[in-house]
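One structure below.
The values are calculated or read from the model by the stated rules, or taken from the named source; none is laboratory data. Only a predicted model underlies this, so the values are computations on that prediction, with no experimental measurement involved. As a convention, Cβ positions derive from the backbone with ideal geometry for all residues, glycine included, and neighbour counts pool all protein chains shown. In case anyone asks, the SASA skips ligands and DNA or RNA and just uses the protein heavy atoms, side chains included. Shrake-Rupley method; radii C 1.70, N 1.55, O 1.52, S 1.80 Å.
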Amino acid sequence: MIYNTLSDFTNFTPLLRDKVDNWEATSDSCSFTVKGFNVKLAIAEREEFSMIKIVGEDGTPFDFVFWIQLKEIDPTDTRLRLVLHVNLNMMMKMMLGNKIQSGLDTIADQIAVSFNQLP
């Protein structure tokens, strides 16, 4: 259930439609505007039930690869690992490093909260 939800951008529409501008999504890609930046994301690779690889497409402010790794321990326990590789110069790392980490922590927390509320 977790993999199926996270591997389709259209599932994020109810969560993000009111939080970002110009939200558009298909199952494989999405685009939106946040704080004046246009962001385009695409799912570059999927390994069913274990990994989703997301990349920034043309026009996204930074080159990056974002992996969501899932490991089912048992039917009621799935472990999640978020890995982000971003190409930033030193000044941008200093400005954005903590914000990126905070953003990843928020994503992980929101995923945990969302799925822990399911029956």
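Binning the C-alpha pair distances of segment 1-40 at 10 Å intervals from 0 yields a P(r) profile of 32, 53, 15, 1 %, listed from the shortest bin outward. If you take all other residues with their beta carbon under 15 Å from the beta carbon of ILE68, and give Lys and Arg +1 and Asp and Glu -1, the sum is -3.
A simple spin-label model places the labels of MET1 and ALA44 3.1 nm from each other, with each point 7 Å out along Cα-to-Cβ.
Within segment 60-112, all pairs of alpha-carbon atoms sorted by distance into 5 Å bins from zero give the percentages 4, 16, 23, 23, 14, 9, 5, 4, 1. Taking the Cα centre of segment 1-61 as reference, the dipole from Cβ charges on Lys and Arg (+1) and Asp and Glu (-1) amounts to some 240 debye.
Its relative contact order, with pairs defined as Cα atoms under 8 Å and 6+ residues apart, puts segment 1-71 at 22 percent. Looking at the calculated P(r) for the chain, what percent of the C-alpha pair distances fall above 22 Å? Across the chain, Cα pairs with separations above 22 Å total 35 percent. When only Cα pairs below 8 angstrom with a gap of at least 6 residues are kept, the chain shows a relative contact order of 14 percent. Using the rule -39500 (n - 2.57) for each DSSP H run of four or more residues, divided by the residues of the chain, the 222 nm mean residue ellipticity is -9500 deg cm²/dmol. What is the percent carbon and sulfur in the accessible area of the chain, measuring with a 1.4 Å probe over the protein chains and ignoring ligands? Carbon-and-sulfur percentage of accessible area, whole number: 52.
Relative contact order for segment 55-108: 28 percent, from Cα pairs under 8 Å spaced at least 6 residues apart, divided by residue count. Have a look at THR76, THR10, PHE66 and report the one farthest towards the positive end of the charge dipole of the chain, computed about the Cα centre with Cβ charges (Lys/Arg +1, Asp/Glu -1). Towards the positive end, the residue furthest out is PHE66.
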